[in-house]
Amino acid sequence: TIIVLGEFVLLGDGQFVGQLMGGKPADERLVSMVNDVARAAHHAPPAHVIEIPTSEMNAFAAGFRKRGTCVAVTRGLRYELTDRELKAVIAHELGHLSGGDTIKNMHMAAAVSGLGGLFSAGRAILRSDSSSRNKKNSKDRDKDGGGSLVPLGLGLMGAGLVSQFTAHLLRLGASRS
């Protein structure tokens, strides 16, 4: 849980996310283009504009605190699209920031990660129970009355799988709206 919260705080800073992808602050031309599109669309301009040095064609918005918002564009996208097409992509990314999509996705990611912990806890219980049972001889097992942690472990694993599957479906639905 502490790791998930730490990631949530760090990933709330879009510039950090862009740098994780190998990005650097964009040149003045791209920054100016992003700011122009933001003004024309009545959006707040992002705090950071990042260019990622890869030939892949991609762009994303990250961050959810005003001082941490970021629009990132790959070099491949920048040089393959016309200015008009690139502005449309930038407007789309700005829409994610103004619509709160980045924070919704971060909440969903934190939930999925946390719920995955149920599965891990169940698996750890199963391993622990199996390990302790292997160490006991048969006389000791009879004295215990057969109290096994297997149902608890399997139950947690099942709950973790179901909740992660549900969270992924919800995330898919949220990304389509």
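FYI, it's all coordinate maths here, none of it is from the lab. Predicted model, so just to flag it, every value in this text is computed and none were measured. FYI the Cβ positions are ideal-geometry reconstructions off the backbone, even for glycines, and counts take in every protein chain you see.
Below, the figures for the structure above:
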read-out	value
Long-range HN-HN contacts of ASN58 with modeled amide H, under 5 Å	THR74, LEU77
Trypsin sites (Lys or Arg not before Pro) lying in DSSP loop within the stretch 51-81, provided at most 16 other Cβ fall within 10 Å	ARG65
Simple label model, 7 Å out from Cα along Cβ direction - ALA91 to VAL150, nm	6.2 nm
Under-5 Å amide H pairs with PHE64, H placed in peptide plane, nonlocal only	GLY14
Burial order of peptide ranges 84-92, 55-63 (average beta-carbon count within 10 Å, highest first)	55-63, 84-92
